[in-house]
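**Q** Got a structure for you, questions after.
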Amino acid sequence: MKSKLLIIIFALFLPFSYAQEEKPDTALSLEQLLELVQQGKFAESEEATEREQKFARERSRQATLLANAKAERSRLEAIASELESRFEANDAKLVVLEEQLKTRLGSLYETFGHLQGVASDTQQQFESAVTSGQFGQDREIFLKDLAKRMGEGISLASIEELERLWYELSRELVASGNVQKFQATVVDNEGQTSQQNVVRVGNFNAVTEGQYLTYLPARGAYETLPRQPGRYLGGTYDVHDTSTGFVEFAVDPTGPQGGALLTNLISLPSFFEQIQYGRITGYTIILLFLLATGIFGWRTYILFNLDKNVKKEASGSRQGNNPLSRIFDVAEQNKGSDVETLELKLAEQILVERASIDTGIWLVRLISVVAPLLGLFGTITGMINTFQAITLFGTGDPKTMANGISEALVTTMLGLMTAIPATFMAAIMANYAKNILTVLEEQSTGMVAAASEENKA
């Protein structure tokens, strides 16, 4: 039993034995081992005691912090309760003071609402008025501040403020009825600013030389319209260069910034932009129109000269190199022939001349027939596109159908615009040709009749 106990003790303190091997002077007896065990227990006991003391100190500190926090909470709750009581008291006092203010102001209290409404409405009108480019934005700032203070209802407006409000209203009223020229900042379509002479026509429109302007409240400056109404620009030069008298000028009274009607007017597509809606069909019709016009100009010039030369030839003046002169040549070549042969030869020559005289007329007539048919074809394709858009997007947005309808209507318009003039062109050319052929037939008949009388004689 004693030997087993020694083995256990030796196993527990085996590390110490290794340490003792490094120190040869350390004893390895059982007494020394027991002493080491006792020392280890004593060290562990001291460490545990120290930890317990530390925990006790930390617990005491936490308890102190908790107590301090509870005390601070109680203090803050007391302050909050006091402030709440003071707030309720001040609120009740404020109600009493407001009632006293209303009583003392009497009917003057309504002035706050009136001034607030007038200042606010006037500020909104001035903000987008075309006159703001001339008078500046100081009046808008003044009116905005006045409306804010009147809305608070604390103090009445001063005499100076009331006088300025009346002044700004009067100045705007006077400006709406006069025409003035002044220097102002103008923003062009590229975003560049410059100082230009601007003419303001009442509170309707502002123009510079050759351009209508619109007012930009965000920049406090005028801006040129992205597109100008071409047919109305002449008046801008007149009103810009004239200081007295009366001039014609297109006024748009529908918008304070320069005219809503003018803005919508310039948004309308031009004739050339409308043609683009016709696409390939429209371009084809235009090419046919140009072809018909070219043929008409070329053949009309030739037929006019032929008609003049033929009539001179018929009157006895030899012109040469014209259909009638060639008829005379044929008659001269068959002078000794019988009447029937001469008549056949002259008829043959007239048929030859007719072919050259009628050149181009058939093509113009064909164009006058084909052009409306192409317009109808474009109408059908445009309506097909319209119904496809309706199928895909419904009828909620008319813009989805606009392209198809535009194509349908534009091609029809182009077809009629081509067919109607082409019909007149063909008729004019045919009339010239008919006059020439009539003269040829008359002269041919006369020559046959003369030959017949000679043979009878």
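**Q** Which one is surrounded by the most Cβ atoms within 10 Å (Cβ to Cβ) among residues in the range 288-319 that are farther than 20 Å from V370 by Cβ and basic (K, R)?
**A** We begin by selecting, within the range 288-319, every residue farther than 20 Å from V370 by Cβ; these are 300-319.
Keeping just the survivors that are basic (K, R) gives 308, 311-312, 318.
Values: K308: 13, K311: 16, K312: 14, R318: 10.
Per the criteria, the residue is K311.
**Q** Looking at the range 140-170, which of its residues are among the charged types (D, E, K, R) and either farther than 25 Å from A218 by Cα or touching a Phe, Trp or Tyr at 6+ places or on another chain (Cβ under 6 Å) (or both)? Can you show your working first?
**A** Step one: of the range 140-170, the residues among the charged types (D, E, K, R) are 140, 144-145, 148-149, 152, 160-161, 163-164, 168.
Within the range 140-170, E140, E152, E160, E161, E163 meet the criteria.
**Q** Looking only at residues that are out of contact with any helix residue (DSSP H, G or I) (no Cβ under 8 Å at 6 or more places or on another chain) and at pLDDT 75 or above in the range 222-247, which one is farthest from Y212 (Cα to Cα)?
**A** Restricting attention to the range 222-247, the residues satisfying the condition of being out of contact with any helix residue (DSSP H, G or I) (no Cβ under 8 Å at 6 or more places or on another chain) are 223-224, 230-246.
Those left that are additionally at pLDDT 75 or above: 223-224, 246.
Numbers: E223: 9, T224: 6, F246: 19 Å.
In this case the residue turns out to be F246.
**Q** Continuing with this model, one more query. Taking into account only those residues within the range 260-313 that are closer than 19 Å to T418 by Cβ and among the hydroxyl-bearing types (S, T, Y), which is modelled with the highest pLDDT?
**A** Here the answer is T293.
**Q** To continue, here is another question. Across the range 190-211, what is the number of residues that are touching a residue at least 12 places away in the same chain (Cβ under 8 Å) and over 15 Å from D241 (Cα atoms)? First the steps, then the outcome.
**A** Here is the first cut: in the range 190-211, the residues touching a residue at least 12 places away in the same chain (Cβ under 8 Å) are 193, 195-211.
Pick out the ones that are also over 15 Å from D241 (Cα atoms) and you get 193, 195, 202-205.
Residues flagged as touching a residue at least 12 places away in the same chain (Cβ under 8 Å) and over 15 Å from D241 (Cα atoms) within the range 190-211 amount to 6.
**Q** Give me the residue from the range 333-358 that is within 25 Å of E454 (Cβ to Cβ) and among the basic types (K, R) and, out of that set, surrounded by the fewest Cβ atoms within 10 Å (Cβ to Cβ).
**A** So the residue we want is K335.
**Q** Does S74 meet the test of being among the hydroxyl-bearing types (S, T, Y) and modelled with pLDDT of 80 or more? Full working, then the answer.
**A** Working: among the hydroxyl-bearing types (S, T, Y): yes; modelled with pLDDT of 80 or more: yes.
Spelling it out, S74 is indeed among the hydroxyl-bearing types (S, T, Y) and modelled with pLDDT of 80 or more.
**Q** Now for a different question. Give me the pairs, please: first residue somewhere in the range 135-153 and farther than 25 Å from V199 by Cα, second residue anywhere and surrounded by fewer than 17 Cβ atoms within 10 Å (Cβ to Cβ) and of a type in the set (D, E, K, R), beta-carbon distance under 7 Å, and either six or more positions apart or on two chains.
**A** Partner pairs satisfying both residue conditions: F142/R164.
**Q** Take T423 and tell me if it is modelled with pLDDT of 70 or more, in the same structural domain as T293 (by TED's automatic domain parsing) and under 22 Å from G294 (Cβ atoms).
**A** Details: modelled with pLDDT of 70 or more: yes; in the same structural domain as T293 (by TED's automatic domain parsing): yes; under 22 Å from G294 (Cβ atoms): yes.
Yes; evaluated as a whole, the condition is true for this residue.
**Q** Specify the residue that is nearest to the chain's Cα centre (by Cα); the eligible residues are those in the range 278-310 that are over 16 Å from F424 (Cα atoms) and of a type in the set (K, R).
**A** Step by step, filter the range 278-310, then rank; the result is R279.
**Q** Out of Y237, Y212, report the one residue that is surrounded by fewer than 20 Cβ atoms within 10 Å (Cβ to Cβ) and not acidic (D, E). Don't jump to the end; show me each part of the working.
**A** Numbers: Y212 fails: surrounded by fewer than 20 Cβ atoms within 10 Å (Cβ to Cβ).
None of the other options fit; the residue is Y237.
**Q** What's the number of the only condition in (1) within 30 Å of T281 (Cα to Cα); (2) modelled with pLDDT of 85 or more that Y432 fails to meet?
**A** Evaluating Y432 over (1) within 30 Å of T281 (Cα to Cα); (2) modelled with pLDDT of 85 or more leaves (1) as the failure.
**Q** Could you grab me the full set of residues in the range 359-386 that are farther than 26 Å from I280 by Cβ and surrounded by fewer than 17 Cβ atoms within 10 Å (Cβ to Cβ)?
**A** T359
**Q** Identify all residues within the range 422-451 that are surrounded by 20 or more Cβ atoms within 10 Å (Cβ to Cβ) and hydrophobic (A, V, I, L, M, F, W, C); write none if there are none.
**A** Within the range 422-451, A422, M425, A426, M429, A433, I436, L440, M447, A451 qualify.
The values are calculated or read from the model by the stated rules, or taken from the named source; none is laboratory data. This is a predicted model, so every value here is computed, not measured. Backbone-built Cβ (ideal geometry, glycine too); neighbour counts: all protein chains shown.
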